[in-house]
Amino acid sequence: MKMTGTLRFRLTAWYSLALATVLLVFGALLYAVVHHHLLHHHDEPLRASAYTILKIIDETDDCHVLTDRQIEQLGKVGKLALIHESQGERQVFFDSPELSGSPLEPVLTELPLKHPTTLQFEALERDGAFWRVLSLPYQVRSGRRGVIRVVEDMGDIKETLKALRMGLLILAPIGVFASSLGGYWLAGKALAPVERITDLAQEIEASSLHRRLPHPGKDSEIGRLVETLNRMFGRLDASFESMKRFTADASHELRTPLATMRNAIDITLKRHHTPEEHEATLKTLGIEVDRLNGIVEDLLLLARADSGRLVVNMEPVRLDQILAAQVEAFWEQAEASGIDLQVRSTEAVTIIGNERWLHLMIGNLLGNALKFTPSRGEIIARVGIADGEANLTISDSGPGIPPGDLEKVFDRFFRSDPARSNARLPGTGLGLAIAAWISSIHGAEILAANRPEGGAVFTVRFGHRPS
Ligand code: ADP
């Protein structure tokens, strides 16, 4: 992985960018505030001086000729120049001692007035020197007009601002660089457990899915990540195990009919047989082929159901009519076995469902009941509505289901011991797994129980209200 693509690098880059932006904004604001404050600090005394001067020269009508007292007073005010204006012509008529002979004097004379009636501040730069200039236009009683200009050397302010600028320009990048290094180190430290977990998770393979990642022991993001990964490994382990069990069970179930067929063929080939014997062998082979076919079909159906590729159309269907049709289909078989098969429902029950799969589910339940119920037993099938829910029950007077197996009967390939050991009871252990799947696509719940008087009872509760 390229270093620039790592989370560590990207975290540091974002963090440094954010810090640089903050420093830039903060630096610019700081500079603006200091700049404003320093200028303002100088502007107040300049303004005070300007008004003092205005008061001094206002004492005479014609300020063109200043009295000695005024000249003395003006000389104490500071750096200033008094400029007369007459028909656009400007002429200095007083310089403070600090300004007389200064190269600044002609500049001040020429400096235009942006606002001819109000006070204004300006910055002036001449020969590497910086000045702050206040201009205050005036008009004395005689009508004569002019402008008072007070100036202050700003060299120190410029120096201070320059030092501040340099400081910010040098220190900010150093700060960003130093904190980026720190950030990179911190990000590395924070992400180290993730690296460790990645390495450990990589070591866990299909053959070692039982392994778990060590918990860091803290209720942190990493702790939660480890818990989530461990839960995922748990689920993978369980489904891997069930897949292995399923494959083993499926091969076992397929082997039995194949072995029977192999056996029948071997016996047939060993010696000469009469046509009747051949016919009997072919009948055996036919039964086993049917059995194999049944297993393969059931397996295919479950595999397609697992993959979610099976499209199941739902529409309003009459559950009572489907039950009646299935009972009818098993009628002959029940009579031949001496079993009393009854339907005990009177009401019409409509649900949203799939007719084909509901036929299969009820057929599987009735088929089991017939298989396990001895002669002279009874099977009662009914559909009804209780508490607004449609339900279906099929109960029989057979041996029932061992209590410990009630939960397991819906597992694939599960057959309880009595059923397995009784060779007269054919089966693969897939019928109820298929019934459970059909019940689930209907949003229904299927339950196995035993009747108090003996025998098994299967109930399917359809959760939605029948229409
Ligand atoms: P199969 O009937 O092919 O063995 P199922 O999935 O239909 O497979 O049933 C699984 C197991 O549940 C059966 O082997 C049996 O042990 C038990 N079982 C199902 N229905 C009944 C029933 N009506 N009475 C007693 N046991 C039953």
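The values are calculated or read from the model by the stated rules, or taken from the named source; none is laboratory data. The shown structure was predicted, so the numbers you read here are calculated from the model rather than taken from an experiment. Cβ placement follows ideal geometry from the backbone for every residue including glycine, while neighbour counts extend to all protein chains displayed. Ligands, DNA and RNA are stripped out before the accessible areas are found, and what is left, the full protein with its side chains, is counted by its heavy atoms. Shrake-Rupley method; radii C 1.70, N 1.55, O 1.52, S 1.80 Å.
Quick notes on this structure:
- Check: the stretch 333-429 dipole with +1 on Lys, Arg Cβ and -1 on Asp, Glu Cβ, in debye: 420
- Estimated at the nearest 10 Å², the accessible area of V311 is 120 Å² with a 1.4 Å probe.
- Selection of GluC sites (Glu not before Pro), the stretch 154-205, meeting DSSP coil and at most 10 other Cβ within 10 Å: E205
- Relative to the longest principal axis of the Cα atoms of the chain, the long axis of helix 319-336 makes an angle of roughly 30 degrees.
- Accessible area of the chain belonging to carbon and sulfur atoms, whole % at 1.4 Å probe: 58
- About the Cα centre, charge dipole magnitude for the chain (Lys/Arg +1, Asp/Glu -1 at Cβ), debye: 840
- Positive-pole candidate from I170, H252, A433, dipole of the chain, charges at beta carbon: H252
- 30 Å Cα-Cα reach of K158 towards lysines, excluding residues that sit fewer than 8 places from it in its own chain: K76, K79, K114
- About its Cα centre, the stretch 141-254 has a charge dipole of approximately 1260 debye under the convention of +1 per Lys or Arg Cβ and -1 per Asp or Glu Cβ, with nothing else charged.
- Under-5 Å amide H pairs with E378, H placed in peptide plane, nonlocal only: D340, S397
- Value of [θ]222 nm, deg cm²/dmol, for the chain, DSSP H segments ≥ 4, -39500 (n - 2.57) each, nearest 500: -19000 deg cm²/dmol
- Helix 431-441 axis, angle to the chain major axis (alpha carbon atoms, nearest 10°): 40
- Summed over the residues of the chain and divided among them, the accessible surface reaches 60 Å² per residue at a probe radius of 1.4 Å.
- Karplus-derived 3J(HN,Hα), 6.51/-1.76/1.60, for each residue of the stretch 448-455, Hz, glycine and proline x: 10, 8, 10, 7, x, 7, x, x
- Annotation note: GluC sites (Glu not before Pro) in the stretch 293-391 located in DSSP loop regions with a Cβ neighbour count of at most 12 within 10 Å are E347.
- Between the stretch 348-405 and the stretch 202-247, the alpha-carbon center distance in angstrom: 40
- Gyration tensor verdict on the chain (Cα atoms; rounded if a/c is under 1.5, prolate if a/b is larger than b/c, oblate otherwise): prolate
- The antiparallel fraction among DSSP beta bridges confined to the chain stands at about 95%.
- Per-pair calculated FRET efficiency, R0 = 45 Å: H252 and K189 via Cβ, rounded to 0.05: 0.25
- When the Cα positions of H210, Q120, L191 are compared along the charge dipole of the stretch 88-240, H210 comes out farthest toward the positive end, with charges on each C-beta of Lys, Arg, Asp and Glu.
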